[in-house]
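S.K.: One structure follows; several queries about it will come next.
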Amino acid sequence: LNYQLKNYRQTLKQHGITKSMSRKGNCLDNSVIENFFGLLKSELLYLQEFESMAHFEQELNDYIHYYNHKRMKEKLKDLSPVEYRTQVLAVA
């Protein structure tokens, strides 16, 4: 197990990747991205088939734009994330 962990860390370092890990048993730092990936799967990935990797990449870019600029969220006062941030910054 220690050998595998050492290999894992070495591979990350070779590729310039910084791992993000919280203390043992604490998953709170992952909740936001886990929620996003859940939505991404249910709103994009499971709804269509992709003709190619290029097609998937285009659809993914379109979805991320939609998510940030057009998808209204109740907890953001029915604004998109970009609209909400813009409004908050205007008040500050």
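The values are calculated or read from the model by the stated rules, or taken from the named source; none is laboratory data. Keep in mind the model is a prediction, meaning the values are calculated, not measured. Virtual Cβ from ideal backbone geometry, glycine too; neighbours counted across all protein chains shown. Side chains are part of the model used for accessible areas, which takes the heavy atoms of the whole protein and leaves out ligands, DNA and RNA. Shrake-Rupley method; radii C 1.70, N 1.55, O 1.52, S 1.80 Å.
S.K.: Which pairs turn up if I take residues in region 45-74 that are closer than 30 Å to Q87 by Cβ and of a type in the set (D, E, K, R) and look for partners that are open to solvent by less than 60 Å² (accessible area, probe 1.4 Å) and in a loop (DSSP other than H, G, I, E, B) with beta carbon separation below 6 Å, at least 6 apart in sequence or on another chain?
M.R.: Listed by first residue and then by second, the contacts come to K70/S80; R71/S80.
S.K.: Here are the criteria: (1) open to solvent by less than 80 Å² (accessible area, probe 1.4 Å); (2) at pLDDT below 95. Tell me which single one Y3 does not satisfy.
M.R.: Here Y3 meets the rest and fails (1).
S.K.: Additional query: Output the residue which, of all residues in region 57-82 that are loosely packed, with under 12 Cβ neighbours inside 10 Å and among the basic types (K, R), is farthest from L44 (Cα to Cα).
M.R.: Applying the filter and picking the extreme gives K77.
S.K.: Could you check, for region 13-29, whether at least one of its residues is modelled with pLDDT of 90 or more, part of a helix (DSSP H, G or I) and either open to solvent by 90 Å² or more (accessible area, probe 1.4 Å) or in contact with a Phe, Trp or Tyr (Cβ under 8 Å, 6 or more places away or on another chain) (or both)?
M.R.: Checking region 13-29: at least one residue is modelled with pLDDT of 90 or more, part of a helix (DSSP H, G or I) and either open to solvent by 90 Å² or more (accessible area, probe 1.4 Å) or in contact with a Phe, Trp or Tyr (Cβ under 8 Å, 6 or more places away or on another chain) (or both).
S.K.: Can you pull out every residue in region 33-83 that is small (G, A, S) and either within 26 Å of S20 (Cα to Cα) or not in a loop (DSSP other than H, G, I, E, B) (or both)?
M.R.: Passing the criteria: G38, S42, A54.
S.K.: Among the numbered conditions (1) modelled with pLDDT under 95; (2) open to solvent by 80 Å² or more (accessible area, probe 1.4 Å), tell me where K41 comes up short.
M.R.: Only one criterion in (1) modelled with pLDDT under 95; (2) open to solvent by 80 Å² or more (accessible area, probe 1.4 Å) is unmet by K41, namely (1).
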